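For reference, the structure is listed below as structure tokens.
Just so you know, all these numbers are worked out from the coordinates, no wet-lab data involved. Just so it is clear, the model here is predicted, and its values are computed rather than measured. Virtual Cβ from ideal backbone geometry, glycine too; neighbours counted across all protein chains shown.
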Amino acid sequence: MNESIDIFKCNCNVIHQDIISQVMEKMPDEENLYDLAELFKVFGDTTRIKILWALAEAEMCVCDIAALLNMTQSAISHQLRVLKQARLVKYRKDGKVVYYSLDDEHVKQIFDQGLIHINEQ
């Protein structure tokens, strides 16, 4: 039998009600958990990750992001719309040019924590 599967089985017959109650007290409500899952779905696309990475380095317009990633402006605009709806990026207009940047420092912190996690040995 595969030992790695066995670690996911619980052989106890006692429910640890104190632990269940403690965790249940701290569990966010269903709506917040849903919103959190939706946020993490946005991070599930490599193109969006590249855009966020670029915007963590500098404020950029669609043309610059498209050139950097070797993609069409249309494709970049679509991804920026998704990122904006998730409140991960913001924009400002300067004449006819629209510049994008990360919405706030939290977005960079999510990135930094993710990189720390995947680079752990």
Residues His106, His117 in order from fewest to most other beta-carbon atoms within 10 Å are His117, His106
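Would you list Phe40, Phe111 from fewest to most Cβ contacts within 10 Å? Each step should come with its number before you reach the end.
Details: Phe40 11, Phe111 16.
Listed from fewest to most nearby Cβ atoms, that is Phe40, Phe111.
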Starting from the Cα-Cα distance between Ile116 and Glu25, subtract it from 0.36 nm times their residue separation and give me the gain in nm to one decimal. 29.8 nm
Set of lysines near Lys41 by C-alpha distance (under 20 Å), chain-local residues within fewer than 8 positions excluded: Lys50, Lys84, Lys90, Lys108
Give me the dipole magnitude in Debye, nearest 20, for the chain about the Cα centre, with unit charges on the beta carbon: positive for Lys and Arg, negative for Asp and Glu. 720 debye
